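**Q** Pasting a structure below so you can have a look.
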Amino acid sequence: MWNYEKRLQFPVKITQTNPEIAQVIISQYGGPDGELGASMRYLSQRYTMPYNTVAGVLTDIGTEELAHFEMIGAIVYQLTRNLSPEEIAKSGFDKYYVDHTLALWPQAAGGIPFNACEFQSKGDVITDLMEDMAAEQKARTTYDNILRLVKDPEVCEPIRFLRAREIVHFQRFGEALRIAQENLDSRNFYAFNPEFDK
Amino acid sequence: MNTGYKTCNADSGKERRQLLYEINKIDFVLKELNLYLDTHPYDQQAMEAFKHYNMAKTKMVQEYTEKYGPLVLSILDMDCREWKWATQDWPWEGGYN
């Protein structure tokens, strides 16, 4: 189960709205390499994970991703708070606004809805951990792409924090993979799948 | 008249933000130690550090709750006639920072 802490993992206090940049950042809310997909990926993979320490990594990183999902939500919310109809029309935010007004909805920057097809839960230790490491790098690249477009330091700071977390998670998943491989046949990691072949 | 109840005003001042900043910092250390310990579960030094910072965080959250309002439902200031968990701003409003 989970408990809520009534604070963000890293402060988000944005004083200038910017619907153009909100439309880019929303990709980390519900896009292909976003925080929601990250959390669902790790929290789904853990049930069949045969090594307790690796299941711990999946649980705790999956939980932290929910805190990042909330931070991205706060960023998009504060970037679009109290927009006027004129600002909405002028910024191109109108296509999102017509379906969601100023509410948060998980989608990619291009408008594609959040979809579980954006992540895998394959039931094979090496396959899943390789996917997790790649996912952290893809999210890091997305944050790099966002940072090239964002000039407002109030937006950059929390985005830089999230980018750094992707790198830390990549390292931890690398260690999880090492632990998994230590438990496998070192001459042939693929000889059997410990999530299925008992 | 002293009603026996503390005033329940939410303070959005500099001191409150500073204390929350310290809580965020200490929780960041805890999160890092948590992830590290998942893959290094026999590191005594890291376990000691986790215990130390965890106690420090609890103390700071207690102080914050008494002065400004709740951050977690497991630590509440019951000496107040208001359910501040719901009446105070939520963190995405930006006032928390």
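The values are calculated or read from the model by the stated rules, or taken from the named source; none is laboratory data. For clarity, every value in this text was computed on a predicted model and none was experimentally measured. Backbone-built Cβ (ideal geometry, glycine too); neighbour counts: all protein chains shown.
**Q** Could you list, in sequence order, all residues of region A:168-198 that are surrounded by 13 or more Cβ atoms within 10 Å (Cβ to Cβ) and among the aliphatic types (A, V, I, L, M)?
**A** A:Val168, A:Ala176, A:Leu177, A:Ile179, A:Ala180, A:Leu184
**Q** Do we have A:Tyr190 as touching a residue at least 12 places away in the same chain (Cβ under 8 Å), of a type in the set (Ser, Thr, Tyr) and not in a helix (DSSP H, G or I) here?
**A** yes
**Q** When you scan region A:116-123, do you find a residue that is away from every other protein chain (no Cβ under 14 Å), crowded, with 18+ Cβ neighbours inside 10 Å and of a type in the set (Asp, Glu), even just one?
**A** yes
**Q** While we're here: Quick test for you: out of A:Gly92, A:Gly37, pick the one residue that is among the small types (Gly, Ala, Ser), buried (at least 19 other Cβ atoms within 10 Å of the Cβ) and more than 12 Å from every other protein chain (Cβ to nearest Cβ).
**A** The unique qualifying residue is A:Gly37.
**Q** If B:His52 meets every condition in (1) modelled with pLDDT of 95 or more; (2) in a helix (DSSP H, G or I); (3) within 12 Å of another protein chain (Cβ to nearest Cβ) apart from one, which number is that one?
**A** Here B:His52 meets the rest and fails (3).
**Q** Name the residues in region A:123-152 that are assigned to a helix (DSSP H, G or I), more than 26 Å from A:Ser186 (Cβ to Cβ) and among the β-branched types (Val, Ile, Thr), would you?
**A** Across region A:123-152, the qualifying residues are A:Thr141, A:Thr142, A:Ile146.
**Q** Separate question: Given the conditions (1) under 11 Å from the mean Cα position of the chain (by Cα); (2) more than 8 Å from chain A (Cβ to nearest Cβ); (3) within 18 Å of A:Phe161 (Cβ to Cβ), report the number of the one that B:Leu30 does not fulfil.
**A** Result: B:Leu30 fails condition (1) only.
**Q** Let me ask something else. I'm trying to understand the selection: among the residues of region B:60-78, which are more than 12 Å from chain A (Cβ to nearest Cβ) and either part of a loop (DSSP other than H, G, I, E, B) or within 16 Å of A:Leu8 (Cβ to Cβ) (or both)?
**A** Selection gives B:Asp77, B:Met78.
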